[in-house]
Amino acid sequence: MAPGNSENNPMFKRMALIGIGLIGSSISHAARRAGLVSEIVCSSLTAEERERAEKLGLATKAYPDPIDAVKGADIVILCTPVGAFQEIAEAIGPHLERGAIVSDVGSVKGAAVRDIAPHIPDGVHFIAGHPIAGTEQSGPDAGFAELFDGRWCILTPGPDADPKALAKLEEFWRQLGSNVELMTPEHHDLVLAITSHVPHLIAYNIVNTAAHLERVTDSEVIKFSAAGFRDFTRIAASDPVMWRDVFLNNKEAVLEMLGRFSEDLVALQRAIRFGDGSTLERTFADARAIRRGIIQAGQDTAQPDFGRGAARARKGSD
Ligand code: NAP
């Protein structure tokens with residue numbers, strides 16, 4: 001076993017997870033699977049979540065106040081919605097251990113750096129991060145150890161980031177199962193605007209459009225949802241607070257990508273109006289090629305129905 005990842009020689013002595021929802025709890029599962037830390041503690045706002053976190057063994061102690069969680073921690077990861085980062089960073093800043101690594105998992109990186117970095121004292125290493133892995137579920141019960149396996153984790157170190165701390169955080173994410181890529185926060189936010197943020201906005205919008213139709217009943221929308229609508233509803237089931245914060249904090253990049261999207265949509269609208277079959281066919285063929293590329297890159301399965309049938313069969317349920 002590689003040094004630093006056995007029960008006897010963990011990479012970190014105390015990991016503090018601030019927020020213990022889907023991503024925080026999955027980090028806990030994966031870190032314990034790999035034996036990366038001696039002790040895991042967390043903080044969460046609600047008593048119910050703290051109780052679940054301790055009961056599920058995600059943390060030996062779940063605190064209401066993040067200040068108590070970070071005391072003595074050599075790695076601290078903010079796993080709350082992005083909108084909470086500034087207040088949390090301001091509170092924990094004076095209580096961070098010298099030499100500790102502070103990171104986050106927020107879906108927007110420019111705002112994370114803006115809100116966290118000013119509160120990190122000298123001698124503490126802040127490197128922002130974002131695991132490109134998730135589900136539409138939330139809360140401490142939603143996490144699982146395999147969430148990050150084979151997925152990418154993007155780290156956005158500043159120009160002055162400590163090379164040793166960066167190498168350690170990269171290794172931490174690899175041990176959690178991820179591949180790691182480095183980029184600037186600005187580039188991250190542009191890439192994620194088109195690969196994640198705009199698709200979620202479209203899903204939220206189409207589900208609401210269908211819900212408000214007058215000539216199609218709600219029961220018909222649900223009954224015939226397998227025609228395509230169903231896949232949008234899965235994405236639109238994601239946590240509303242998390243996504244509110246994503247759009248409030250990645251405004252510029254989302255608006256830029258939304259502009260491009262709207263122009264392309266109008267081009268398709270014209271092709272339909274004027275019966276331009278070749279444009280429609282070419283556009284759909286190009287899109288299909290992208291899907292094949294994602295499967296070849298191991299980022300999804302080629303199973304029909306997005307692998308749902310196979311997953312159900314493996315679990316033995318219907
Ligand atoms: P989640 O399941 O809803 O969990 C959020 C956690 O944050 C909960 O434990 C919540 O505790 C806590 N929290 C909220 N406000 C807080 C505050 N002010 N102070 C302390 N704790 C607070 O969300 P998630 O899906 O794990 O997302 C967490 C972060 O990961 C977000 O920044 C998101 O952008 C990012 N992310 C999400 C995904 C995804 O697919 N879901 C993927 C990659 C990254 P209470 O319920 O007790 O308030």
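The values are calculated or read from the model by the stated rules, or taken from the named source; none is laboratory data. Keep in mind it's a predicted model, so treat the numbers as computed, not measured. Here the Cβ is made from the backbone with ideal geometry for all residues, glycine too, and neighbour counts use every protein chain on show.
Only one entry of GLY143, GLY139, GLY150 meets the criterion of being touching a Leu at 6+ places or on another chain (Cβ under 9 Å) and at positive phi, and that entry is GLY139. Of the residues making up segment 33-74, those that are assigned to a loop (DSSP other than H, G, I, E, B), within 11 Å of the ligand (Cβ to nearest atom) and more than 24 Å from GLN86 (Cα to Cα) number 1. Among the residues of this structure, ALA2 counts as one that is part of a loop (DSSP other than H, G, I, E, B) and modelled with pLDDT under 95. Cβ-Cβ distances below 6 Å connect the following pairs, each with a first residue in segment 164-175 that is within 21 Å of GLY24 (Cβ to Cβ), a second residue that is part of a helix (DSSP H, G or I) and not polar (S, T, N, Q), and a separation of six or more residues or different chains: GLN175/ALA34.
So for segment 153-173 (the condition being charged (D, E, K, R), modelled with pLDDT of 95 or more and closer than 21 Å to GLY21 by Cβ), does at least one residue qualify? No. Checking the structure you have, find out if any residue of segment 148-163 is within 13 Å of the ligand (Cβ to nearest atom), within 25 Å of ASP68 (Cβ to Cβ) and under 16 Å from the mean Cα position of the chain (by Cα). Taking every residue of segment 148-163 in turn, none turns out to be within 13 Å of the ligand (Cβ to nearest atom), within 25 Å of ASP68 (Cβ to Cβ) and under 16 Å from the mean Cα position of the chain (by Cα). Determine, yes or no, whether GLY21 is under 16 Å from the mean Cα position of the chain (by Cα) and of a type in the set (Gly, Ala, Ser). When the stated conditions are applied, GLY21 passes them.
Of GLY123, GLY134, GLY110, all but one fail to be away from the ligand (no atom under 15 Å from the Cβ) and either among the aliphatic types (A, V, I, L, M) or farther than 17 Å from SER44 by Cα (or both); the exception is GLY123. For segment 167-267, the helices (runs of 4 or more DSSP H) that sit wholly inside it and include 1 or more residues that are away from the ligand (no atom under 14 Å from the Cβ) are 185-192, 198-211, 218-223, 229-235. A residue that is modelled with pLDDT of 95 or more, assigned to a loop (DSSP other than H, G, I, E, B) and surrounded by 22 or more Cβ atoms within 10 Å (Cβ to Cβ) cannot be found anywhere in segment 128-139. Taken as a whole, segment 78-88 holds at least one residue that is at pLDDT 95 or above, in a helix (DSSP H, G or I), within 8 Å of the ligand (Cβ to nearest atom) and touching a Pro at 6+ places or on another chain (Cβ under 7 Å).
Just one of the numbered conditions (1) crowded, with 20+ Cβ neighbours inside 10 Å; (2) out of contact with any Ser or Thr (no Cβ under 8 Å at 6 or more places or on another chain) is not true of ALA53: (2).
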